[in-house]
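The values are calculated or read from the model by the stated rules, or taken from the named source; none is laboratory data. Since we're looking at a predicted model, the values are computed, not measured. In this analysis, Cβ positions are derived from the backbone assuming ideal geometry, glycine residues included, and neighbour counts consider all displayed protein chains. Note: accessible area is taken over every heavy atom of the protein model, side chains too, but ligands, DNA and RNA are not part of it. Shrake-Rupley method; radii C 1.70, N 1.55, O 1.52, S 1.80 Å.
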Amino acid sequence: MTEKLQKVLANQGLGSRREMERWIEQGRVSVNGTLATLGDRVDETGQIRVDGHLLSRQTEQPVCRVLMYNKPEGEICSRKDPEGRRSVFDRLPRLQGERWISVGRLDFNTTGLLLFTTDGDLANKLMHPSTTIEREYLCRVMGNATEDVLKRLTDGVQLEDGVARFSDIVDGGGEGINHWYYVVIMEGRNREVRRLWESQELQVNRLKRVRYGSVFIPSKVKVGQWIELDEKEIANVYGMAELAMPVTEAPAGGRGRRTR
């Protein structure tokens, strides 16, 4: 696993990442005997020198921590609530000198996958509106979702804050007035999944996020529980953030489709 050079230097406690970028531009840093440039990445074996002095990588702090949390209903994604409601942060492990940053939010009555990290840059990349990262939800819909309705929802619907669409809809089964669907959206607007269904006069009465990008919530993580991602999984999350593409037009369907 490689990391950006300025991040590794900042983890050594030499200064902020912006300051480390200036050091690199000033020619003060070399990697494996070669003058470093902005954009360089290093692995744990790289020999880094600053002003000719070899750095000891043993003093480097962990790059970051990432948690996956299975949010229950009835929790807010803010740290504090004037109404005294429980926060998703209440169940997370305590940190010394750092804080958990939520990657996006889920509504009060929405359950499922919520990521937390100690790396603010990573969180910003994963949430930035200029990137496309798939969010997959399992939703129980009350009403008659005809083929015409499903087509409109994938073609695009005008909401109060612009056109929105599902990039994919997969039948999840069910009988009677309630039916389950897996849906994929490429952005994280407020209540977007619910509002899309409501635009077709259909009501969502259960909603759970099951995937964020390439990260799925495993069955072993029960509601209200969290697990910490290992190094390989964290590398996958960093890769997902780096590969997130600028928004042009949402795919017409099929990308990342769940097979059954």
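What residue, among those in the stretch 1-45 that are of a type in the set (S, T, Y) and in contact with a strand residue (DSSP E or B) (Cβ under 6 Å, 6 or more places away or on another chain), is modelled with the lowest pLDDT?
The qualifying residue modelled with the lowest pLDDT is T2.
Is it true that T111 is of a type in the set (S, T, Y) and under 19 Å from V183 (Cα atoms)? Show your work before the answer.
Numbers: of a type in the set (S, T, Y): yes; under 19 Å from V183 (Cα atoms): yes.
In short, yes.
Looking only at the stretch 46-95, filter to residues that are modelled with pLDDT of 90 or more and hydroxyl-bearing (S, T, Y); which one of those is surrounded by the most Cβ atoms within 10 Å (Cβ to Cβ)?
This residue is Y69.
Just give me the residues in the stretch 99-125 being closer than 21 Å to S16 by Cβ and in contact (Cβ under 8 Å) with a residue 24 or more places away in the chain, in sequence order.
W100, T117, T118, D119, D121, L122, K125
May I ask you to verify whether V103 is open to solvent by less than 60 Å² (accessible area, probe 1.4 Å) and out of contact with any strand residue (DSSP E or B) (no Cβ under 9 Å at 6 or more places or on another chain)?
For V103, the condition - open to solvent by less than 60 Å² (accessible area, probe 1.4 Å) and out of contact with any strand residue (DSSP E or B) (no Cβ under 9 Å at 6 or more places or on another chain) - is not met.
Going by what's in this entry, would K220 be described as charged (D, E, K, R), farther than 12 Å from C139 by Cβ and either over 17 Å from the mean Cα position of the chain (by Cα) or open to solvent by less than 80 Å² (accessible area, probe 1.4 Å) (or both)?
The answer is yes for K220.
Would you point out the residue of the stretch 235-253, among those that are modelled with pLDDT of 85 or more and either open to solvent by less than 30 Å² (accessible area, probe 1.4 Å) or under 11 Å from the mean Cα position of the chain (by Cα) (or both), that is nearest to V183 (Cα to Cα)?
M240
Checking D119 against (1) touching an Asp or Glu at 6+ places or on another chain (Cβ under 8 Å); (2) open to solvent by less than 30 Å² (accessible area, probe 1.4 Å), only one condition comes out false. Which one?
In the conditions (1) touching an Asp or Glu at 6+ places or on another chain (Cβ under 8 Å); (2) open to solvent by less than 30 Å² (accessible area, probe 1.4 Å), D119 misses (1) alone.
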